[in-house]
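Here is the structure we will look at.
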Amino acid sequence: GVFSNEAGLGSAPIAHAATSEKNPVRQGLYGIFEVFMDTIVICTITSLAVILSGVLDTAGGLDAFSSKGAAAVAAFNTILPGTLGGLVIQVSLLFFALSTILSWSYYGERCWGYLTNNNKVVTLIYKVIFVLFCIVGATGSGTLMWDIADTLNGMMAIPNLVALLALSGVVTKITKDYFSKQARK
């Protein structure tokens, strides 16, 4: 879930705070919609494609694939004509990777800007370091990079989940107020 929609991680609110929407409940509903579309709709379509295509039966199960992504490529190639399925997966991954890099760059820039009172020199240094880490991430060992990403995401999620628990009463109150006002309209 963290890699598909960032739910509970605490990073998506940075993007949500940059919108013109002033009502926190309405903006929260947009966030819920994003998680629903990504997790329920897109992930379900992918898993159904793998299950219904029959590639697991013919290949000897999921362990027969070198990666779980290879199962999705094989499934989409079975369902769509020629190698169009693999092309759909490749283009989707390209856009996913690009949007992820741009998002995390923006999140980090906003955080460093906040911590340093939008110091231009610090922002420039951050951008250079970010690009260098993108190169390291793209050329480093896949297993090591995933382990680092998991660790750092966990380090972000823990304090965020504690804060969510502490603020749950406030969220419940403003959500009830919002929906009671909507019901009166």
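Since only VAL128, SER11, SER92 are under comparison, the one whose Cα sits farthest along the positive direction of the charge dipole of the chain, derived from C-beta charges on Lys, Arg, Asp and Glu, is SER11. Please state the charge dipole magnitude for the chain, taken about the Cα centre, from unit charges on C-beta atoms (+1 on K and R, -1 on D and E), reported in debye and rounded to the nearest 20. Magnitude of the dipole: close to 940 debye. For LEU87, the solvent-accessible surface computed with a 1.4 Å probe is close to 90 Å², ligands and nucleic acids excluded.
Size estimate for the range 82-185 follows the Kirkwood approach: the inverse of mean 1/r over distinct Cα pairs works out to 17.6 Å.
When the P(r) is computed for the chain, the part past 20 Å accounts for 68% of the Cα-Cα pairs.
Each Cα pair under 8 Å and six or more residues apart adds its sequence gap; the mean of these over the residue count of the range 53-137 is a relative contact order of 15 percent. Structure remark: mean-square fluctuation, Gaussian network model of the chain, C-alpha springs under 10 Å; the largest value among PRO159, PRO13, PRO81 belongs to PRO81.
With θ taken as phi - 60° and the Karplus curve 6.51 cos²θ - 1.76 cosθ + 1.60 applied, the whole-hertz 3J(HN,Hα) list for the range 36-45 is 4, 4, 6, 7, 7, 7, 5, 5, 5, 4 Hz, x standing for glycine and proline. Using the 1.4 Å probe convention, the accessible area of the chain works out to 70 Å² per residue with neighbouring protein chains retained. Note on PHE33 and ALA149: the model spin-label points, each 7 Å out from Cα along the C-beta direction, lie 2.7 nm apart. For the range 1-81, GluC sites (Glu not before Pro) meeting the loop criterion (DSSP other than H, G, I, E, B) and having at most 16 other Cβ atoms within 10 Å: GLU21.
Give me the percent of the accessible area of the chain that comes from carbon and sulfur atoms, probe 1.4 Å, all protein chains in place. Answer for the chain: carbon and sulfur cover 72 percent of the accessible area. SER168 exposes around 60 Å² of accessible area when a 1.4 Å probe is run over every protein chain in place.
Taking GLY85, GLY31, GLY142 as the candidate residues, the one with maximal mean-square fluctuation in a Gaussian network model of the chain, Cα springs under 10 Å, is GLY142.
The values are calculated or read from the model by the stated rules, or taken from the named source; none is laboratory data. Since this is a predicted model, take the numbers as computed values, not measurements. Don't worry about glycine lacking a Cβ; one is built from the backbone with ideal geometry, like all the others, and counts go over all protein chains shown. For the accessible areas, the whole protein counts, side chains as well, though only heavy atoms, and no ligand, DNA or RNA atoms are used. Shrake-Rupley method; radii C 1.70, N 1.55, O 1.52, S 1.80 Å.
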